[in-house]
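Structure first, then comments.
The values are calculated or read from the model by the stated rules, or taken from the named source; none is laboratory data. What you see is a predicted model; the values in this text were computed from it and never measured. All Cβ positions, glycine included, derive from the backbone under ideal geometry; neighbour counts span all protein chains shown.
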Amino acid sequence: MSKDPGSDDRGKFDKARRNFLRGLGMGTAAAAAQPAWGGDTLSDTFADFFQKHYQRMTSEEITETLERIERKAESRYGVEISCENTPPQPGVVFGYAINISRCKGYRDCVDACVQENNLGRDSQVQYIRVLQMDKGDSNLEHSEHYYDPETVPVEGKYYLPVQCMQCDDPPCVKACPVDATWMEPDGIVVVDYDWCIGCRYCMTACPYWARHFNWTTPEIPAEEMNTDTHFLGNRPRPRGVVEKCHFCIQRTRKGRQPACMEACPTGARIFGNLLDPDSEIRYVLQNKQVFRLKEDLGTEPKFWYFSD
Amino acid sequence: MGVIRFIFDGVREMLRGPREYWAWLLFLSVVVVFGSWQYWVQFSNGLVVTGMSDQVSWGFYIANFAFLVGIAAAAVLLVIPAYIFHRKDIKDVVLVGEGMAVAAVTMAILFVIVDLGRPDRLWHMIPVIGSLNFPISLLAWDVLVLSGYLLLNLAIPFYLLYSRYRGREANFRIYFPIVVISMFWAISIHTVTAFLFSANPARPFWHTALLGPRFIASAFASGPALIIITLEIVRKVSTYKVSQSVISTLALIMTVALQINLFFVGAELFTDFYNEGAHAASIHYLFLGLGGFDSLQPWIWFALTLNIIAVIILMIHPLRKNVLTLNIACVLAFIGIWIEKGMGLVIPGFVPTPLGEIFEYVPTSVELSVSAGIWAFGVLMFTVLAKAVIAIEQGRLRYRDKKSEISQ
């Protein structure tokens, strides 16, 4: 609101002045460092602090919040983003399946995910972890997490990509003391980054190590920012909150593929609507021998593995 | 009016004392200030300044939290004999024990708060204006039981001390029901804290029905250990009389609890190591190391040794009755359990990760400093509370209205 338009193409002096004003606006001397609450103007800082839980906001409040998020992204990263709130499509529940005989461990899915979802580059958060396993062994404790993707596929190894399984009975959701994470009607487990208090109990509860914490403010180079964002998805995250794979909610709710599937060079990844009997994922579930990781824990993952 | 005078007189008593008393308060305050400054460093940089990571996402803070909830719960060991069995000797010191519970719960709550990524959003936990995920989330349970326990342990001593201050007889029908509630509540705070860990099938090391009983047993060993040491100090630095029978009752409780705790540890070791399935990886890491990583190994063996020496001392009657050896046993058991159910319980839950990665955790100087600050704050709180409690109990601090002052 008090942010002057077109400030991007002004000189260094203006930037310094803006920082100075920002410092005054918040009444703190620590203008140089990004404050923990990622505040901007005084009114935005207040609005940030008192922002309601996503599920309790009226549609006007959501619109205001989305605009504020866009303003903040511009002042923080110098990039104009669009933050949307595309609702779940009726009659859709998403599921994922990976053909482990096709996966060769190239990790293109990991890189595409980092780009698509605006993951902190300095903090090196990655939603997908590809495990290099010895053939004939499925014990995760024997897996290699830090193999060199240049040398794959290695003789005698196979590859097991792991990410959020979007469990139908998610232990992370039960763990959260403030309802900051929940399952959407289309089966995606999401996080309200502005409601999370950062206690990390959900990370303790997750059997798939799918949740990641922003130990520091995530840094993304302006030119690498994906500007198509969703409130529950890839919008810029603050420090001190938990995040995770959300099946590229900003893409899949508009009928697009998740970035990891699009990037996979071997076609190992199959994503689709579990409620649509003609979908490819349903074909896989009906015609292939599938298994799920740690099924014995009763979390009902919507993420399957199979092989040819 | 009387209540205000009571608080005013209480605070004045807290601020009155010999030079040694002030030196002690000053020392603690310096540590508190230093810890606060280190917390400011953490707050302005993020939790990246700690040794925690996505792999080991809880560390020294939560370890201290788990331990301190046990200390707080142990006050019940004075409350039960004092109010249910009407042991006069224990009734004399029960308020000191409840003061310790107040300090311990406060420290436990502070340890959770400094562990939060967004302490500015604490209000999200307040029902109605925030959203507390009760009764599903065990952490929501912990928030409620800990704050409730704090209130109970403030309310009972406040009422009893105020009655004494006014020279009135405390009404048994008023405080007894609250005392009964607080007894069950004490067990509940530590059970809920154990369930917080054991509720996670993702972490096989904690996912055992024995965790709740183990927590209670270790609390009933470490708690009395701390109370005995504290009462010995009270004897030394004040004129307050602490009956020897209180110490021997506590020592006996501690002996049994420590024996049970060691038995539980043995039961866990047998169950995990006999077949060494995948679930044994964490305990293997703790006691023997895993894949070349073994930074906790020396600590847990040290803790086990301390506990075994302590239990041997306590089981030999002449040694348990000797002031010096009893105090040594108390110090050993306190440190031993602090390691065993602090770092020794929390960290192996994260090693290896659910995806089999082994990543070690070592607390940073920031974590150690912040923790030292919280401990100093708790000790400071206990010191001033105990000072006022003793003055009132000895009858030195009494309500005097203006008229009687004039007539004097």
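Assess whether B:Thr239 counts as being at pLDDT below 95, on the phi < 0 side of the Ramachandran plot and of a type outside the set (D, E, K, R). Yes: the conditions hold for B:Thr239. Per this entry, A:Cys199 is counted among residues that are without any contact (Cβ under 8 Å) to a residue 24 or more places away in the chain and buried (at least 22 other Cβ atoms within 10 Å of the Cβ). Filtering A:Val162, A:Val190 for residues that are within 7 Å of chain B (Cβ to nearest Cβ), farther than 19 Å from A:Gln115 by Cβ and under 15 Å from the mean Cα position of the chain (by Cα) leaves a single hit, A:Val162. Among all positions in region A:124-136, there is no residue which is among the acidic types (Asp, Glu) and touching a residue at least 40 places away in the same chain (Cβ under 8 Å). Taken over region B:328-359, residues that are part of a loop (DSSP other than H, G, I, E, B), more than 14 Å from chain A (Cβ to nearest Cβ) and touching an Asp or Glu at 6+ places or on another chain (Cβ under 9 Å) amount to 0.
Residue-by-condition table, conditions (1) among the hydroxyl-bearing types (Ser, Thr, Tyr); (2) more than 19 Å from the chain's Cα centre (by Cα):
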residue	(1), (2)
B:Phe197	no, no
B:Pro204	no, yes
B:Leu210	no, yes
B:Ile216	no, no
B:Tyr240	yes, yes
B:Ala267	no, yes
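For A:Ile128, the test of being within 14 Å of another protein chain (Cβ to nearest Cβ), touching a strand residue (DSSP E or B) at 6+ places or on another chain (Cβ under 8 Å) and surrounded by 14 or more Cβ atoms within 10 Å (Cβ to Cβ) is passed. A:Trp182 is checked against (1) closer than 17 Å to A:Asp111 by Cα; (2) within 11 Å of chain B (Cβ to nearest Cβ) and fails just one. What number does that condition carry? The failed condition is (1). May I ask you to verify whether A:Gly233 is more than 14 Å from chain B (Cβ to nearest Cβ), buried (at least 23 other Cβ atoms within 10 Å of the Cβ) and closer than 29 Å to A:Leu297 by Cα? For A:Gly233, the condition - more than 14 Å from chain B (Cβ to nearest Cβ), buried (at least 23 other Cβ atoms within 10 Å of the Cβ) and closer than 29 Å to A:Leu297 by Cα - is met. The single residue among A:Glu150, A:Glu116, A:Glu144 that is acidic (Asp, Glu) and surrounded by 21 or more Cβ atoms within 10 Å (Cβ to Cβ) turns out to be A:Glu116. Selection of region B:115-157 for residues being closer than 18 Å to B:Met381 by Cα and buried (at least 19 other Cβ atoms within 10 Å of the Cβ) yields B:Leu146, B:Tyr149, B:Leu150, B:Leu152, B:Asn153, B:Ile156, B:Pro157.
Listed here are the residues, each with its yes/no results for (1) modelled with pLDDT of 95 or more; (2) within 19 Å of A:Cys245 (Cβ to Cβ); (3) of a type in the set (A, V, I, L, M).
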{"residue": "A:Ile128", "(1), (2), (3)": "yes, yes, yes"}
{"residue": "A:Lys135", "(1), (2), (3)": "yes, no, no"}
{"residue": "A:Glu144", "(1), (2), (3)": "yes, no, no"}
{"residue": "A:Lys157", "(1), (2), (3)": "yes, no, no"}
{"residue": "A:Trp182", "(1), (2), (3)": "yes, yes, no"}
{"residue": "A:Asp192", "(1), (2), (3)": "yes, yes, no"}
{"residue": "A:Cys196", "(1), (2), (3)": "yes, yes, no"}
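Could you tell me whether B:Val112 is touching a residue at least 40 places away in the same chain (Cβ under 8 Å) and facing chain A (nearest Cβ under 10 Å)? So B:Val112 passes the test. Scanning region B:25-44 for residues that are over 26 Å from B:Val351 (Cα atoms) and not aliphatic (A, V, I, L, M) gives B:Phe27, B:Ser29, B:Phe34, B:Gly35, B:Ser36, B:Trp37, B:Gln38, B:Tyr39, B:Trp40, B:Phe43, B:Ser44.
Annotation: of all residues in region A:241-257 being of a type in the set (Lys, Arg) and over 19 Å from A:Cys176 (Cβ atoms), the one that is surrounded by the most Cβ atoms within 10 Å (Cβ to Cβ) is A:Arg253.
Looking at region B:118-141, is at least one residue away from chain A (no Cβ under 11 Å) and under 14 Å from the mean Cα position of the chain (by Cα)? No, because not a single residue in region B:118-141 is away from chain A (no Cβ under 11 Å) and under 14 Å from the mean Cα position of the chain (by Cα). Here B:Phe270, B:Phe264 are screened, and the one residue that is closer than 20 Å to B:Pro213 by Cβ, surrounded by fewer than 20 Cβ atoms within 10 Å (Cβ to Cβ) and in contact with a Lys or Arg (Cβ under 6 Å, 6 or more places away or on another chain) is B:Phe264. Among the residues of region B:150-157, is there at least one that is under 28 Å from A:Lys174 (Cα atoms), at pLDDT 95 or above and in contact with a Phe, Trp or Tyr (Cβ under 9 Å, 6 or more places away or on another chain)? No, that holds for no residue. Please find, within region B:4-57, the residue that is nearest to B:Glu360 (Cα to Cα) out of those that are polar (S, T, N, Q) and either more than 12 Å from every other protein chain (Cβ to nearest Cβ) or surrounded by fewer than 15 Cβ atoms within 10 Å (Cβ to Cβ) (or both). For region B:4-57, the residue satisfying everything is B:Gln38.
Picking from residues in region A:258-282 that are of a type outside the set (A, V, I, L, M) and farther than 19 Å from A:Gly187 by Cα, the one that is surrounded by the most Cβ atoms within 10 Å (Cβ to Cβ) is A:Cys264.
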